[in-house]
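First the structure, in the form of structure tokens, and then the observations on it.
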Amino acid sequence: MLERGSRMGEIIRINGLGKTFATKENEVVALQGVDLSVEEGEVFGIIGLSGAGKSTLVRCMNYLEKPTDGTVVFDGKELGAMNEKELRKARQSISMIFQGFNLLLQRNALQNVCFPLEIAGIPKKESLARAEEMLELVGIADKKHAYPSQLSGGQKQRIAIARALATNPKVLLCDEATSALDPTTTRSILALLQEINRKLGVTIVIITHEMGVIEAVCQRVAILDHSRVAECGKVEDIFVNPQSEIAKQLIYPQGRREASFHKGECLRIVFDGNSSFEPVVSNMVLACGTAVNILFADTKNIDGQAYGQMLLQLPDDESAKRKIYAYLTSQNIPFKEESVNV
């Protein structure tokens, strides 16, 4: 199986996307003025709270939902300008997996993976060979004769992934694909998606409400809030310096606040890619010969690197402060002075 290689540019471009659903009483705006792009070969995340419009957005990406406004360009072609036959052909390159797996209960694993190939008119012998190859890829070849009722949630999702890859898509859309799984199984599925991205070069778009999923596998992320994109950028940049209120809400767990102090001169250290295992604070204390008080810390390990921030209360001694500043500067560790008055 050949790898597609490194990123080549945009694979999906969305401009001014809007989606409104009509009800008996009124209209519900699910998406409004959404602009974003997905690069070929990347793992792109879309996150937001319930009702933010995440699932509607991903279904608009392959025109399972037809947008009310705006355009979706896939691989250089506008989906809205296609006829039904052209759209069906394009969808073979935009596969999708779901939270509920959506397997055919009356078919075994091998037959489930063959299903999209049958629809595409691929000869049976070729379909079976391709299905077995995909089941091998996702690590579940020994379950090819098992039916969905005989499989665990993680095994079902692996079959769903194999089925989605059967038509050799350019993009894999994952709509809350790990939400029904336990944490251990979630980690294994995310690791599998990373492996697929590396081996096949398939662009992966992950829809989730869990920031842990984003930090585990995504390179870039768009944060949705009230039907709009509130923030979009590299995962590490947003973790280090979230700009929108919704980003801060998602990154900082509910109820976690900086410690309260009546008064104090403080230093905020920003971790923007130092090794997660480097003991920055303890090294600083040893080098400067002075103690500091950690008021707040929120760091993440993203792809082996440390991202986040830490708030330290400084000693009153001016000489000790100058030593701390000099040490952090010498180590190229970003920081800024702050005052805490609560």
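So is GLN194 within 15 Å of the chain's Cα centre (by Cα) and either at pLDDT 90 or above or under 24 Å from LEU110 (Cα atoms) (or both) or not? Walk me through it before giving the result.
On the way: within 15 Å of the chain's Cα centre (by Cα): yes; either at pLDDT 90 or above or under 24 Å from LEU110 (Cα atoms) (or both): yes.
When the stated conditions are applied, GLN194 passes them.
Can you run down the residue pairs with Cβ atoms below 6 Å, 6 or more apart or on separate chains, where the first is in region 195-206 and in contact (Cβ under 8 Å) with a residue 24 or more places away in the chain and the partner is surrounded by fewer than 20 Cβ atoms within 10 Å (Cβ to Cβ) and of a type in the set (D, E, K, R)?
Once the first residue is in contact (Cβ under 8 Å) with a residue 24 or more places away in the chain and sits in region 195-206, its partners that are surrounded by fewer than 20 Cβ atoms within 10 Å (Cβ to Cβ) and of a type in the set (D, E, K, R) give GLY201/GLU3; GLY201/ARG4; THR203/GLU40.
Quick one: how many residues across region 154-184 are assigned to a helix (DSSP H, G or I) and charged (D, E, K, R)?
Here is the first cut: in region 154-184, the residues assigned to a helix (DSSP H, G or I) are 154-165, 183-184.
From the residues that got through so far, the ones that are charged (D, E, K, R) too are 156, 158, 163.
Number satisfying all stated conditions: 3.
Could you pull out the residue among LEU64, LEU87 that is assigned by TED's automatic domain parsing to the domain that holds LYS199 and touching a Phe, Trp or Tyr at 6+ places or on another chain (Cβ under 9 Å)? Give the steps one after another, and end with the answer.
On the way: LEU64 fails: touching a Phe, Trp or Tyr at 6+ places or on another chain (Cβ under 9 Å).
Only one candidate qualifies: LEU87.
Would you point out the residue of region 301-331, among those that are within 27 Å of the chain's Cα centre (by Cα) and surrounded by 17 or more Cβ atoms within 10 Å (Cβ to Cβ), that is farthest from ASP237 (Cα to Cα)? Even if it seems obvious, please write down each step before you answer.
If we filter region 301-331 for residues that are within 27 Å of the chain's Cα centre (by Cα), which is where we start, we get 301-310.
Still in the list and also surrounded by 17 or more Cβ atoms within 10 Å (Cβ to Cβ): 302, 306-310.
Working: ILE302: 11, ALA306: 12, TYR307: 8, GLY308: 9, GLN309: 12, MET310: 16 Å.
Among them, the one singled out is MET310.
Give the residue that is farthest from THR186 (Cα to Cα), with candidates limited to residues of region 117-153 that are touching a Ser or Thr at 6+ places or on another chain (Cβ under 7 Å) and in a helix (DSSP H, G or I).
Filtering first and then ranking leaves GLU118.
Looking at region 20-29, which of its residues are polar (S, T, N, Q) and assigned to a strand (DSSP E or B)?
Within region 20-29, the first condition is being polar (S, T, N, Q), and the residues that meet it are 20, 23, 26.
THR20 - this is the single residue of region 20-29 that is polar (S, T, N, Q) and assigned to a strand (DSSP E or B).
So, in region 44-79, how many residues would count as being under 15 Å from ASP175 (Cβ atoms) and either part of a strand (DSSP E or B) or of a type in the set (Phe, Trp, Tyr) (or both)?
Matching residues across region 44-79 total 5.
Within region 107-138, restricting attention to residues that are of a type outside the set (A, V, I, L, M), under 29 Å from the mean Cα position of the chain (by Cα) and surrounded by 15 or more Cβ atoms within 10 Å (Cβ to Cβ), which residue is nearest to ARG91 (Cα to Cα)?
First pass over region 107-138, keeping only residues of a type outside the set (A, V, I, L, M): 107-108, 111-112, 114-116, 118, 121, 123-127, 130, 132-133, 136.
Next, from what is left, pick out any that are under 29 Å from the mean Cα position of the chain (by Cα): 112, 114-116, 130, 132-133, 136.
From what is left, the residues that are surrounded by 15 or more Cβ atoms within 10 Å (Cβ to Cβ) are 112, 114-116, 130, 132-133.
Details: ASN112: 18, CYS114: 16, PHE115: 15, PRO116: 11, ARG130: 18, GLU132: 22, GLU133: 21 Å.
Across region 107-138, the extreme among qualifying residues is PRO116.
Do you know which residues across region 93-106 are in contact with a Pro (Cβ under 7 Å, 6 or more places away or on another chain) and surrounded by 13 or more Cβ atoms within 10 Å (Cβ to Cβ)?
If we filter region 93-106 for residues that are in contact with a Pro (Cβ under 7 Å, 6 or more places away or on another chain), which is where we start, we get 93-95, 103, 105.
Listed by number, the residues that qualify are SER93, ILE94, SER95, LEU103.
Name the residue, out of ASN15, ASN102, that is assigned to a strand (DSSP E or B) and either touching a residue at least 24 places away in the same chain (Cβ under 8 Å) or more than 24 Å from the chain's Cα centre (by Cα) (or both).
Working: ASN102 fails: assigned to a strand (DSSP E or B).
Answer to the selection: ASN15.
Exactly one of (1) in contact with a helix residue (DSSP H, G or I) (Cβ under 6 Å, 6 or more places away or on another chain); (2) part of a strand (DSSP E or B); (3) farther than 26 Å from GLU236 by Cβ is unmet by GLN32. Its number?
(1)
For a quick check of your reading of the model, give me the residue pairs whose first member lies in region 289-310 and is in contact (Cβ under 8 Å) with a residue 40 or more places away in the chain and assigned by TED's automatic domain parsing to the domain that holds TYR327, whose second is among the charged types (D, E, K, R) and part of a strand (DSSP E or B), with beta-carbon atoms closer than 8 Å and at least 6 apart or on different chains.
That search, which allows pairs on different chains as well, returns TYR307/ASP272; TYR307/LYS300; GLY308/ASP298; GLY308/LYS300; GLN309/ARG268; GLN309/ASP298; MET310/ARG268; MET310/ASP298.
What are the residues in region 198-232 that are surrounded by fewer than 20 Cβ atoms within 10 Å (Cβ to Cβ), in contact with a helix residue (DSSP H, G or I) (Cβ under 7 Å, 6 or more places away or on another chain) and within 17 Å of GLY9 (Cα to Cα), if any?
GLN219
Against the conditions (1) outside the structural domain of PHE74 (by TED's automatic domain parsing); (2) of a type in the set (Gly, Ala, Ser); (3) under 30 Å from ASP75 (Cα atoms); (4) surrounded by fewer than 16 Cβ atoms within 10 Å (Cβ to Cβ), where does SER152 fall short? Just the number, please.
(3)
Residues are listed down the side, and each one gets a yes or a no for (1) among the charged types (D, E, K, R); (2) within 27 Å of SER149 (Cα to Cα); (3) at pLDDT 90 or above:
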position	(1), (2), (3)
SER93	no, no, yes
MET96	no, yes, yes
GLN99	no, yes, no
ASN108	no, yes, yes
ASN112	no, yes, yes
PHE115	no, yes, yes
ALA120	no, yes, no
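The values are calculated or read from the model by the stated rules, or taken from the named source; none is laboratory data. Nothing here was measured: the structure is a model prediction, and the numbers come from that model. Reconstructed Cβ throughout: ideal geometry from the backbone, glycine too, with neighbour counts over all protein chains shown.
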